[in-house]
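Scroll down for the structure; my scribbles are underneath it.
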Amino acid sequence: MSSTKPKIAFFDFAGCEGCQLTVLDALQTHTELLNAVEIVQFREAMSRSDDDYQIALIEGSYTRPSDEVRLQEIRDQAQIVVALGACAHLGGVNAVRNAHRLEEIKNYVYGEKAEVYEAASARPISDFIQVDAFIPGCPIDREEFVRAVKSLLQGNAPDIPDYPVCVECKLRETGCVFLYGKTCLGPITRAGCGAICPSFGVGCEGCRGLIPNPNMASLREVLSENGLDEMSVKAKMSLFLTNQIATSDMEA
Amino acid sequence: MTAKILPKHAMQGWIETLREHYRIIGPKPAQSQYVFGDIHSADDLDLSYPTSILPPKKVLLPQREDLFRFDSMGDTPIVEPTFDDEPTVILGIHACDMHSIALLDRVFEKGTTDQHYQTRRENTTLVSLECTTSCSEFSFCKSMGTLSVPENFDLHMTDLGDEYLLEIGSKKGENLLRGFNEVREATDADFERLNKVMSEKWSHFTYRLDFDVTELPALLSLSYDSKVWEELGDRCLACGACNIVCPTCYCFDVRDEVDFSLRSGGRFRVWDSCQLDRFAIVAGGHDFRDTRAARQRHRFFRKGKYLTDQYGVVGCVGCGRCAQACLVHISPVDTFNELHRRRVPSAAAQEEALA
Ligand code: SF4
Ligand code: SF4
Ligand code: SF4
Ligand code: SF4
Ligand code: SF4
């Protein structure tokens, strides 16, 4: 094994920085991480900033045309690009705005200054650059992040679950929230969070994105059978899934 | 039959005595449902539980189980298997779940014995509990022939009101009562009370299968090309819940996790589900059951035919957990009845109808 540790850099685009905070948490509980890698850029935690890195972890979504240039610069430098969290992976909550006309949104948010600010529809970073791996979630799961880093160090793609949240929910014997008159996107959402939301009695909002081949039609029926009207179903699915649903509905 | 009588008020004392030698697992309330979990005192235990989210199978085959540790740091790589041999008692196992354990015993001893399962199984004592009322609107054990406990219990409890009658099934079961003097020998009067409970219980259960369970494997053989599978596949969410809660499902996935050294780590297994989208993908990327319909068919063939063909016992014990867990109301008994309703009539029956 080479004695030089892989150099890692963190970048943020539009997001709440909650995923980077989770990384900070992970560095405190898994101090071995610091022995295994060298962090050369991490605005959330240090002032040093070095552009010599092999692995780039990008938090946040694309929201402005100028983001594309910066994303491309990172892609050109890094050997491995990882989308960190729901914003980078899916466009995140930011993509709620995609359902509205951009001009309206800009006027609503910036008022008279609307013309001063740059804005575009919120997109996953993979719409602009090639992404080698993603760590889903809003925020990311600390343990999954640690496992993902180990996989990258081994030269493997992180092993992110491709089955739905229901599996983890049942494995930990959580009472299904549908039994308590609530609704849940667990059956179509990628697991890996340990079904944390249902374990606290609230339905999954889909922050980890869709599983491959979700049965959207059937889940819509389940939601309507459990009292959600069409508007509410749409609202529920737009919190994290706006970009993915637009694609999966086009394919359907 | 050797039997003892345990007054209900002595339960606490019995649990205290048992805890000196065993870890005790039993049904206890969790949110508004029940789970099998650690029992520290009689207050934790609720033997009147209807059914549990996961079956007691999870004690013998845990959801996640370490298999071995490896370390290749030194000159010779080290591989050390992990076994759990903690003496354990499972209290209050219903008949259907006892049937499922009988099946799992056969599965894990066939071919190369699964030593991890075997070690747990040998160190586990099974205390079953007579079902006297139907546990849920979803169960159909009477139809599957699993409403009476099989002979694999170590101790079997029947609720006689303010006492339990304990039938001793093995040396292991007998050991649970050793050194505990609040039990007494059962008398003829006790056996009469037992007979009364046993003869009255059957009317509290209904037959839900429209045909005899022995016809099930043949019915499935005729139904391979049925439209039913497509219809189920359209509804199914491929969420895996039905497999995870099933007492007779035993598929698992094997995974490794390394330490930061990248040279040492562990191998473990976790439960898997044949309903999941990627379950049947093999090396090279081919998926030999790539539709939900094919996976539903596979699931019901496992439950109604394949396991019976291989192990001579029914693969669905009628516990109803999967039907309860399924958000799109797919249930084995309804599925089997629907296949029966649409079955291709045999030549003889056709002739009879024409005559
Ligand atoms: S609570 Fe949600 S994730 Fe859990 S079983 Fe129910 S639908 Fe699935
Ligand atoms: S349960 Fe759903 S919303 Fe909650 S963390 Fe998991 S994927 Fe995200
Ligand atoms: S529980 Fe129901 S929806 Fe989920 S995989 Fe099983 S049959 Fe399909
Ligand atoms: S298939 Fe369903 S009813 Fe049959 S044993 Fe499994 S969970 Fe119980
Ligand atoms: S399905 Fe039947 S045997 Fe199983 S717990 Fe319910 S009543 Fe008892």
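The values are calculated or read from the model by the stated rules, or taken from the named source; none is laboratory data. Remember, predicted model here, so these are calculated numbers, not experimental data. For neighbour counting, all protein chains shown are included, and Cβ atoms are generated from backbone atoms with ideal geometry for every residue, glycine included. Just the protein is used for accessible areas: all its heavy atoms, side chains included, with ligands, DNA and RNA removed. Shrake-Rupley method; radii C 1.70, N 1.55, O 1.52, S 1.80 Å.
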Check your understanding: Here are B:GLY233, B:GLY240: which of them is closer than 24 Å to B:CYS135 by Cα, touching a helix residue (DSSP H, G or I) at 6+ places or on another chain (Cβ under 6 Å) and within 14 Å of chain A (Cβ to nearest Cβ)?
Key -> B:GLY240
Exercise for review: Could you tell me whether the stretch A:73-83 includes any residue that is crowded, with 18+ Cβ neighbours inside 10 Å and within 25 Å of A:CYS204 (Cα to Cα)?
Suggested key: yes
**Study point:** Residues located in the stretch A:113-156, provided they are more than 15 Å from A:GLN54 (Cβ to Cβ), of a type in the set (D, E, K, R) and open to solvent by 50 Å² or more (accessible area, probe 1.4 Å)
**Key:** A:LYS113, A:GLU115, A:GLU118, A:ARG123, A:ASP127, A:ARG142, A:GLU143, A:ARG147
Review point. Is at least one residue of the stretch B:308-321 within 14 Å of chain A (Cβ to nearest Cβ) and within 16 Å of ligand 5 (Cβ to nearest atom)?
Key: yes
Check your understanding: Somewhere in the stretch B:39-49, is a residue within 16 Å of ligand 1 (Cβ to nearest atom), within 18 Å of B:ASP159 (Cβ to Cβ) and either open to solvent by less than 10 Å² (accessible area, probe 1.4 Å) or in the same structural domain as B:VAL317 (by TED's automatic domain parsing) (or both)?
Key -> no
Exercise for review: Evaluate the following for B:PRO81: is it within 16 Å of ligand 4 (Cβ to nearest atom), more than 18 Å from B:ASN152 (Cβ to Cβ) and either surrounded by fewer than 21 Cβ atoms within 10 Å (Cβ to Cβ) or not assigned by TED's automatic domain parsing to the domain that holds B:ASN152 (or both)?
Suggested key: no
Study note, to complete from the structure: Per the filter on the stretch B:53-76, residues out of contact with any Gly (no Cβ under 9 Å at 6 or more places or on another chain) and part of a loop (DSSP other than H, G, I, E, B) are B:LEU54, B:PRO55, B:LEU61, B:PRO62, B:GLN63, B:SER72, B:MET73, B:GLY74, B:ASP75, B:THR76
Review point. Here is a list of conditions, (1) open to solvent by less than 50 Å² (accessible area, probe 1.4 Å); (2) away from every other protein chain (no Cβ under 14 Å); (3) among the hydrophobic types (A, V, I, L, M, F, W, C), and B:VAL245 meets all of them except one; can you say which number that is?
Key: (2)
Check your understanding: If you scan the stretch B:270-301, which residues turn out to be surrounded by fewer than 18 Cβ atoms within 10 Å (Cβ to Cβ) and either in contact with a strand residue (DSSP E or B) (Cβ under 6 Å, 6 or more places away or on another chain) or closer than 16 Å to B:PRO217 by Cα (or both)?
Key -> B:VAL270, B:ALA280, B:ILE281, B:ASP287
Study note, to complete from the structure: Within the stretch B:14-38, of all residues that are within 14 Å of chain A (Cβ to nearest Cβ) and in contact (Cβ under 8 Å) with a residue 40 or more places away in the chain, the one surrounded by the fewest Cβ atoms within 10 Å (Cβ to Cβ) is B:ILE25
Exercise for review: Scan the stretch A:108-120 and give yes if some residue there is more than 14 Å from chain B (Cβ to nearest Cβ) and within 16 Å of the chain's Cα centre (by Cα), otherwise no.
Suggested key: no
Exercise for review: Pull up the stretch B:302-329, narrow it to residues that are modelled with pLDDT of 95 or more and more than 10 Å from ligand 4 (Cβ to nearest atom), then point me to the one that is surrounded by the fewest Cβ atoms within 10 Å (Cβ to Cβ).
Suggested key: B:HIS329
Review point. Picking from B:ASP225, B:ASP190, which residue would you name as being in contact with a strand residue (DSSP E or B) (Cβ under 7 Å, 6 or more places away or on another chain), more than 16 Å from ligand 3 (Cβ to nearest atom) and over 22 Å from B:CYS319 (Cβ atoms)?
Key: B:ASP190
**Study point:** Lone qualifier among A:SER218, A:SER224, A:SER232 - being free of Cβ contacts under 8 Å to residues at least 24 places away in the same chain, touching an Asp or Glu at 6+ places or on another chain (Cβ under 8 Å) and away from chain B (no Cβ under 11 Å)
**Key:** A:SER224
